[in-house]
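Below: the structure, in structure tokens.
The values are calculated or read from the model by the stated rules, or taken from the named source; none is laboratory data. In this text the structure is predicted, and so the values were computed from the model without any measurement. For neighbour counting, all protein chains shown are included, and Cβ atoms are generated from backbone atoms with ideal geometry for every residue, glycine included. All accessible areas refer to the heavy atoms of the entire protein, side chains included, with ligands and DNA or RNA removed. Shrake-Rupley method; radii C 1.70, N 1.55, O 1.52, S 1.80 Å.
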Amino acid sequence: MKRSFKNTLKIGFVIACIMTLFCANIGAASAAYEPPKMPRVFSFKASSTNVTMGETVVLSWITANATSVEIIGLEKTPEEALPLIGSIEVWPLASTSYVLIAKGPGGVVSQTVTVNVEASGDVEIEYFKASSSNILLGETVTLSWKTCCAKSIKIIGLEKEPEETLPLSGTLEVFPMATTTYILQAIGFNGEMVTKTVTVNVNQAKPAEIKYFTASPEECYEGEDVTLSWSVENAKAIAIRDLKTGLAATDSIVVNPTSTTTYVLEAYGYDGSHVTAEVTVNVKEKPVITSFTASATEVSKGQLVTLKWTTENATKCEIVTNDGLVLPNRPANGQISITPNHTRTFTLKAYDGDTVIAEQSITITVK
């Protein structure tokens, strides 16, 4: 009987220890647990709370402790989930209260902003025009327009439907294949529709034509400036082969050929024609004096001295002295004998045609 009592005491002690440890663990777990925080909306506002019908408004917001955000009252559902901090452009057609709902593990909160919309005036097309009313087949035209108090617009006569909704005021490039009358339709918020038209006349394309293609000068020395000039009609593309593309119909450029070069102007017409014109620039080698010598550079008065010279690419030569003596029309290669009475400097000039290209001097000293 006593042994049974002792065993009972032992069992009770063990159970008490286990319960103590269990309660301690429960307390520690309770102390570590924190409930999720409630979402907060720090800011939810509209760029303007009073607008005229047709105007847009930007809603912006800042949240915390949220996992998702939605806005009740939008004209259409966004394609993507709204960010926790962000903005969105809206287009209220009537006074609207937008409700921002922020959800998170800690709960749901909301905030509201109201945009008052005043009725707009009558719809109006301020202008509708084309960048050109007469074009050649293949050319493009830019249509431009501006509307007031419109809900939407449409342009009748386009070659293909735009991929996106046309803006209430803007521009659009069109590619008419025939004479076309474009009709701009503007619809107001009250359902009223007004229209304006613009006609673009399309003329059949003519073959490309090169009026002229010239080089000035047509002959030069290596590296000198040469101006290429041209005028072309009825061309959609103009280029100088192996040199430059995208040229204007009438223009000029400067080139610096290093050797004789033939330039080819190419013009492509809207009708598929391809025409060319050529101009050749002849690059000459400059005259050079290869030698200019005297049989003696120090002589006595009256002593005979022979001057000799050789050149390349010169058409003629000339010898002049520092005191004004001129010996014209000398050959490109030659010699001359002189008997100087006083010290003189002789200068050989090598010509290309009538232009002096190279010079070299020798001084003969008379003792």
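Screening LEU74 on (1) part of a loop (DSSP other than H, G, I, E, B); (2) under 30 Å from ALA150 (Cα atoms); (3) modelled with pLDDT under 90 shows it passes everything except condition (3).
What strands (runs of 3 or more DSSP E) completely inside region 146-244 contain at least 2 residues that are open to solvent by less than 50 Å² (accessible area, probe 1.4 Å) and free of Cβ contacts under 8 Å to residues at least 40 places away in the same chain? Spell out the reasoning first.
Values: elements: 150-156, 169-174, 180-188, 193-203, 209-216, 219-221, 226-233, 235-240.
Correct list: 150-156, 169-174, 180-188, 226-233, 235-240.
Of all residues in region 49-71, how many are in a loop (DSSP other than H, G, I, E, B) and over 38 Å from the mean Cα position of the chain (by Cα)? Can you show your working first?
Pass one, region 49-71, residues in a loop (DSSP other than H, G, I, E, B): 49, 53-56, 65-67.
With the extra rule that they be over 38 Å from the mean Cα position of the chain (by Cα), the set shrinks to 49, 65-67.
Result for region 49-71: 4.
Against the test of being out of contact with any helix residue (DSSP H, G or I) (no Cβ under 9 Å at 6 or more places or on another chain), part of a strand (DSSP E or B), of a type in the set (Val, Ile, Thr) and open to solvent by 80 Å² or more (accessible area, probe 1.4 Å), the options VAL108, VAL99, VAL41 yield a single qualifying residue, VAL108. Please enumerate the residues belonging to region 333-359 that are surrounded by fewer than 17 Cβ atoms within 10 Å (Cβ to Cβ) and touching a residue at least 40 places away in the same chain (Cβ under 8 Å). Across region 333-359, the qualifying residues are ASN341, HIS342, GLU359. Kindly evaluate THR280 against the criterion of being closer than 15 Å to ASN234 by Cα, modelled with pLDDT of 95 or more and in a strand (DSSP E or B). Considered against the rule, which asks whether it is closer than 15 Å to ASN234 by Cα, modelled with pLDDT of 95 or more and in a strand (DSSP E or B), THR280 comes out as no.
Just one of THR311, THR306 is over 60 Å from the mean Cα position of the chain (by Cα), among the β-branched types (Val, Ile, Thr) and at pLDDT 95 or above; which is it?
Values: THR311 fails: over 60 Å from the mean Cα position of the chain (by Cα).
Residue meeting the stated conditions: THR306.
When you scan region 72-87, how many residues do you find that are open to solvent by 70 Å² or more (accessible area, probe 1.4 Å), more than 34 Å from the chain's Cα centre (by Cα) and without any contact (Cβ under 8 Å) to a residue 24 or more places away in the chain? Qualifying residue count, region 72-87: 4.
Any chance you could count how many residues in region 118-142 are in a loop (DSSP other than H, G, I, E, B), touching a Cys at 6+ places or on another chain (Cβ under 8 Å) and surrounded by 13 or more Cβ atoms within 10 Å (Cβ to Cβ)?
Filtering region 118-142 down to residues in a loop (DSSP other than H, G, I, E, B) leaves 119-123, 131-133, 137-140.
Adding the requirement that they be touching a Cys at 6+ places or on another chain (Cβ under 8 Å) leaves 120-123.
Applying the additional criterion that residues be surrounded by 13 or more Cβ atoms within 10 Å (Cβ to Cβ) yields 120-121, 123.
Result for region 118-142: 3.
Scanning region 77-93 for residues that are outside any strand (DSSP E or B) and not aliphatic (A, V, I, L, M) yields THR77, PRO78, GLU79, GLU80, PRO83, TRP91, PRO92. Against the list (1) surrounded by 12 or more Cβ atoms within 10 Å (Cβ to Cβ); (2) within 12 Å of ILE210 (Cα to Cα), the condition VAL279 fails is (2).
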